[in-house]
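Since the structure comes first, as structure tokens, the remarks are kept for the end.
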Amino acid sequence: SRFAQGAGYSPLVLRLMPNTCVGVGQGVTALCAPEGAGEEALAQVERILSQSGLVTRIPEGQMDAFSALAGCGPAFACLFLEGLADGGVLAGLPRALAMEYAFRMVLGTCAMALERGKHPGVLKDEVCSPGGSTIAGVAALERAGFRAAAMDAVLAAWRRSGELGG
């Protein structure tokens with residue numbers, strides 16, 4: 001890299017991309033290392049960074065995709081959380097409780113998905129009873145193109161990241 005060339009010696013130059021959630025120890029950081037980087041040095045960097053959440057090594061060619069999903073994703077999740085809370089308020093809950101319920105529900109759902117290792121569709125199906133309120137809400141999200149909109153958001157961020165040069 002140009003950083004290594006300007007240093008006058010061969011330092012180990014790594015590319016890191018953390019998301020904002022590292023500030024609360026629940027982040028995701030992507031790590032790109034050049035070929036020939038020593039495993040011991042990389043493991044040490046990973047140990048240090050892991051205090052802020054998950055650290056994952058990815059090839060440079062996946063950095064824009066990582067950034068679009070994990071880097072931009074907190075903003076997308078916040079829109080979802082805000083929408084859920086607004087729905088709770090519309091249904092009659094006080095704003096503060098609606099926000100708390102939405103936050104804790106998403107946090108708990110993520111913890112459950114990670115712990116159980118099940119596909120999100122399976123977990124969704126476990127909550128949907130025939131003719132029930134959950135499947136009615138799922139149908140409303142599907143009619144509105146919720147999953148397609150989520151995919152489009154990641155792809156738009158990925159394209160823009162490529163335009164900006166990573």
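A few points about this structure:
- Take the Cα of residue 128, step 7 Å toward its Cβ, do the same at residue 114, and the gap between the two points is 2.6 nm.
- Magnitude of the charge dipole for the chain, about its Cα centre and with charges confined to Cβ atoms of Lys, Arg (+1) and Asp, Glu (-1), is about 180 debye.
- Relative contact order %, the chain, counting alpha carbon pairs below 8 Å whose residues are six or more apart: 19 percent
- Convex hull projection area averaged over all views, the chain, Cα basis, nm²: 12.6 nm²
- Across region 19-95, C-alpha contacts under 8 Å between residues 6 or more apart give a mean separation that, scaled by the residue count, equals a relative contact order of 32 percent.
- The residues of region 94-150 expose, per residue, 75 Å² of accessible area to a 1.4 Å probe.
- Surface composition of the chain: carbon and sulfur atoms hold 62% of the protein heavy-atom accessible area at a 1.4 Å probe.
- Residues with amide H under 5 Å from that of residue 57, placed H, sequence gap 5 or more: 31
The values are calculated or read from the model by the stated rules, or taken from the named source; none is laboratory data. Owing to the predicted nature of the structure, the values given are computational and were not obtained by experimental measurement. Using ideal geometry, Cβ is built from the backbone for each residue, glycine included, and neighbour counts are taken over all protein chains shown. Protein only, heavy atoms only, side chains kept; ligands, DNA and RNA dropped before computing areas. Shrake-Rupley method; radii C 1.70, N 1.55, O 1.52, S 1.80 Å.
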